[in-house]
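Structure in structure tokens, see below.
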Amino acid sequence: MRIGFRTTPQNTDWPSLEAAWAEAGRHDVFDSGWLNDHLTNPGRDRAGPSFESMTALAALAHLVPGKSVGQTVLAATFRHPSVLAKQAVTLDHVTGGRYVLALGAGWHVGEHEAFGIDLPPLGERFDRFESTIRVVKALFGDEARRPPGVTLDAPPYRLAGATMEPGSLRPGGPPLWLGGQGPRGLRLAARYADGWNFASNLDGSPGGFVERRDALWRACEAMGRDPSDLTLSAQIVIPGDAAGRRAALERAMGFVRDGAAEILLTTPARDGAEGIRRLATEVAAPLRDAHG
């Protein structure tokens, strides 16, 4: 069982975000560090301050040496998949192979409309999401490491002799985690992913994780894939009060009992170093003691 900290880079200043990550780097109880990926505040329909997550992570990763880093999850709609693959390989080098590429189909209507980013209807969105996955995986492959490169039709995207030079440090590229919560998203995870992330804040039912876990395992079995090949993770928003943190700890323990191999504990970056210390001592350390 692994434990990650996850900060929201919204409604904060850079010194607070940097202090939070620097503090997390001092705590061995954390195995990984994560951001979310939004252009505005996802808790609002429109606007709200937010740092961009790829550049932010590149600047923060050195503060948590030895820990995996990533975003849960990047919106596939925000970046062309070829540029995304290049960014991921760059972060793979920056971090010495610690970067995890976690992807979702995109969902926040307001930020897409505000910035003129296309958010297709759900069916088309997942068609494009699968195409994004195919492009990224092709560019992570051996064929793309040298000329003549890789050619691929994945509408609306196309590769024509594309190379990824330098290639990733990790063979096959950074691990790919997917964040789809519905039936098609789970099938895509079963087909393509190294890991799957459950966003507990998007599902209020206690059995949401187990229901999706079972559906994911059925999809793996239907494709002839061993479900144990997939890393299951769950992210939990940790309340700011002591009673809320105790309740979140119990919830995290339930996720571990139900098969989550990595628990991502989310705290606001605006709470800075003190927020990370509370997270480490009141939630992460007791979780490690119980299930480590």
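Check region 39-59 and report whether any residue there is under 19 Å from Ile236 (Cα atoms), free of Cβ contacts under 8 Å to residues at least 60 places away in the same chain and out of contact with any Leu (no Cβ under 6 Å at 6 or more places or on another chain).
Yes, some residue in region 39-59 is under 19 Å from Ile236 (Cα atoms), free of Cβ contacts under 8 Å to residues at least 60 places away in the same chain and out of contact with any Leu (no Cβ under 6 Å at 6 or more places or on another chain).
Applying the selection to region 68-83, what residues are of a type in the set (S, T, N, Q), within 21 Å of Thr40 (Cβ to Cβ) and surrounded by fewer than 22 Cβ atoms within 10 Å (Cβ to Cβ)? Give the derivation first.
Going through region 68-83, the residues of a type in the set (S, T, N, Q) turn out to be 68, 71-72, 77, 82.
Filter once more, keeping what is within 21 Å of Thr40 (Cβ to Cβ): 71-72, 77.
Listed by number, the list holds a single entry, Thr77.
So, one more: Among the residues of region 25-35, how many are touching a residue at least 12 places away in the same chain (Cβ under 8 Å) and assigned to a loop (DSSP other than H, G, I, E, B)? Reasoning before the result, please.
Kept after step one, since they are touching a residue at least 12 places away in the same chain (Cβ under 8 Å), are these residues of region 25-35: 25, 27, 29-35.
Now restrict to residues that are assigned to a loop (DSSP other than H, G, I, E, B): 25, 27, 29-31.
Looking only at that region, the number is 5.
Table: residues versus (1) among the small types (Gly, Ala, Ser); (2) modelled with pLDDT of 95 or more; (3) within 19 Å of the chain's Cα centre (by Cα).
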{"site": "Arg245", "(1), (2), (3)": "no, no, no"}
{"site": "Glu262", "(1), (2), (3)": "no, yes, yes"}
{"site": "Asp271", "(1), (2), (3)": "no, no, no"}
{"site": "Leu279", "(1), (2), (3)": "no, yes, no"}
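Rundown of residues vs (1) open to solvent by 40 Å² or more (accessible area, probe 1.4 Å); (2) more than 30 Å from Leu159 (Cβ to Cβ); (3) not in a helix (DSSP H, G or I), yes/no style:
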{"site": "Gly4", "(1), (2), (3)": "no, yes, yes"}
{"site": "Glu23", "(1), (2), (3)": "no, yes, no"}
{"site": "Gly48", "(1), (2), (3)": "no, yes, yes"}
{"site": "Leu60", "(1), (2), (3)": "no, yes, no"}
{"site": "Ala85", "(1), (2), (3)": "no, no, no"}
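Scan region 196-208 and give yes if some residue there is closer than 21 Å to Leu103 by Cα, aromatic (Phe, Trp, Tyr), open to solvent by 70 Å² or more (accessible area, probe 1.4 Å) and modelled with pLDDT of 95 or more, otherwise no. Talk me through it step by step, then tell me what you get.
Of the residues in region 196-208, the ones closer than 21 Å to Leu103 by Cα are 196-203, 208.
In the following step, the residues that additionally are aromatic (Phe, Trp, Tyr) were identified as 196, 198.
Then keep just the ones that are open to solvent by 70 Å² or more (accessible area, probe 1.4 Å); that gives none.
No, that holds for no residue.
Something else: Give region 155-183 a look and list any residue that's more than 30 Å from Val210 (Cα to Cα), among the small types (Gly, Ala, Ser) and without any contact (Cβ under 8 Å) to a residue 24 or more places away in the chain, or say none.
Ala160, Gly161
While we're on this one: Going residue by residue through region 239-255, is there one that turns out to be open to solvent by less than 70 Å² (accessible area, probe 1.4 Å), touching a strand residue (DSSP E or B) at 6+ places or on another chain (Cβ under 8 Å) and within 19 Å of Gln71 (Cβ to Cβ)?
no
Hey, can you tell me all the residues within region 256-290 that are of a type in the set (S, T, N, Q) and open to solvent by 30 Å² or more (accessible area, probe 1.4 Å)? Talk me through it step by step, then tell me what you get.
Just the residues of region 256-290 that are of a type in the set (S, T, N, Q), to begin with: 266-267, 281.
Matches in region 256-290: Thr281 only.
Would you pick out the residues in region 1-59 that are farther than 18 Å from Gly240 by Cβ, among the polar types (S, T, N, Q) and out of contact with any helix residue (DSSP H, G or I) (no Cβ under 7 Å at 6 or more places or on another chain)?
Ser32, Ser50, Ser53, Thr55
The values are calculated or read from the model by the stated rules, or taken from the named source; none is laboratory data. As the structure is a computational prediction, the values presented were derived from the model and not from experiment. For neighbour counting, all protein chains shown are included, and Cβ atoms are generated from backbone atoms with ideal geometry for every residue, glycine included. SASA here: full protein model, heavy atoms, side chains in, ligands and nucleic acids out. Shrake-Rupley method; radii C 1.70, N 1.55, O 1.52, S 1.80 Å.
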